[in-house]
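A quick write-up on the structure given underneath.
Bear in mind that the values in this text are calculations on the coordinates, not laboratory data. Please read these numbers as outputs of a predicted model, since none were measured by experiment. Note that we place each Cβ from the backbone using ideal geometry, even for glycine, and neighbour counts take in every protein chain shown.
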Amino acid sequence: MARILSFSIFRYNPGDPASAPRLDNFLLDESDRMTLFIALTRLREEQDASLQFDFCCRAGICGACGMVINGRPGLACHTKTKDLPKEITLLPLPGFDLVADLSVDTGKWFRAMYRRVESWVHTDKAFDPAAEEERMDNALAEQIYELERCIECGCCVSACGTSRMRPDFLGAAGLNRIARFMIDPRDERTDSDYFDLVGNDEGVFGCMGLLACEDICPKEIPLQDQLGILRRKMAFTAVKDIFRMKEKGKKK
């Protein structure tokens, strides 16, 4: 016999002066292979057309449907209702500007992060559109692809204790982005250049190591592994820079 699901959904439109934060309750009969995306779509079509949430691909690729599901950030399209209790509470992802209800503006955060970490290949080589693509070892290309699988859903940022306390913290998504360029042979930045970007409490040394980012990543990217590698590299870079400065001081 199909279950009757009870939803408590956060409702608030900051653009409407008459709106106030609240939880609205809905009942919905559970269907076969139902995901939260399907449930929310039915609620909007059958019960409340004003309910706002984001979606695009419905296949765990776009990251648009990120939300807090019973206290845990996740993707609505990836979450099957059969894996949840009958009582389901849905909240918007914290750490991002609220658009309305379950919809948040992750794009603003990610655009600022990309500018902050200078998320492009830095090279002095002149671009030749007629030239062949630069060849790369397959194993290295796979390492880069592993880090490029981030879908920018924002779940890791919302789950991060440091990000919740410090909006200036770069977060796992930003540090993962830096790690991607550090192993790209086309990027000519040095470790010292990267240290200037993330070698501080707002970057790689601000993480408290709670592991929440990797625990909830829907693409299972090894975020903590990359953080550990980055932290070691930045620590070595700091030590080398200190010794370099001492050597310069002795020569003077």
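The Cα-based radius of gyration and maximum Cα-Cα distance (Dmax) for segment 14-64 are 13.2, 40 Å.
Ordered by the count of other Cβ atoms within 10 Å of each Cβ, fewest first, E188, E30 give E188, E30. Annotation: the residues H122, H78, sorted from fewest to most other C-beta atoms within 10 Å of their own C-beta, follow the order H122, H78.
Considering only the Cα atoms of segment 1-137, their convex hull presents on average a projected area of 13.2 nm². Equivalent-ellipsoid semi-axes for the chain (Cα gyration tensor, √(5λ), whole Å, largest first): 42, 20, 16. Once C-alpha pairs closer than 8 Å and six or more residues apart are averaged by separation and normalised to the residue number of segment 25-82, the relative contact order reads 40 percent. Starting from the Cα gyration tensor of segment 117-251, take the square roots of the eigenvalues, sort them a ≥ b ≥ c, and report rounded, prolate or oblate (rounded when a/c is under 1.5, otherwise prolate if a/b is larger than b/c, else oblate). Oblate is the answer for segment 117-251, as a/c is 1.5 or above yet b/c matches or exceeds a/b. Axis angle, to the nearest 10 degrees, between helix 171-182 and the longest C-alpha principal axis of the chain: 40 degrees.
Which angle between 0 and 90 degrees, to the nearest 10, do you get for helix 223-251 versus the longest principal axis of the chain when only C-alpha atoms count? That helix lies at roughly 30 degrees to the long axis.
Other residues whose C-beta falls under 14 angstrom from the C-beta of A126 contribute a net charge of -2, scoring Lys and Arg +1 and Asp and Glu -1. A Förster distance of 35 Å, applied to the separation of the beta-carbon atoms of T190 and D168, puts the FRET efficiency at 0.90. Using C-alpha pairs under 8 Å with a sequence gap of at least 6, the mean separation divided by the residue count of the chain gives a relative contact order of 17 percent. Note: relative contact order over segment 117-251, using C-alpha pairs below 8 Å and six or more positions apart, is 29 percent. Between helix 138-148 and the chain there is an angle of about 50 degrees, using the helix long axis and the longest principal axis of the Cα atoms.
When each of Y145, Y194 is scored by the number of other beta-carbon atoms lying within 10 Å, the sequence from fewest to most is Y145, Y194. What does the charge dipole of the chain about its Cα centre add up to, to the nearest 20 debye, if the Cβ of each Lys and Arg holds +1 and the Cβ of each Asp and Glu holds -1? In debye, rounded to 20, the chain gives about 960.
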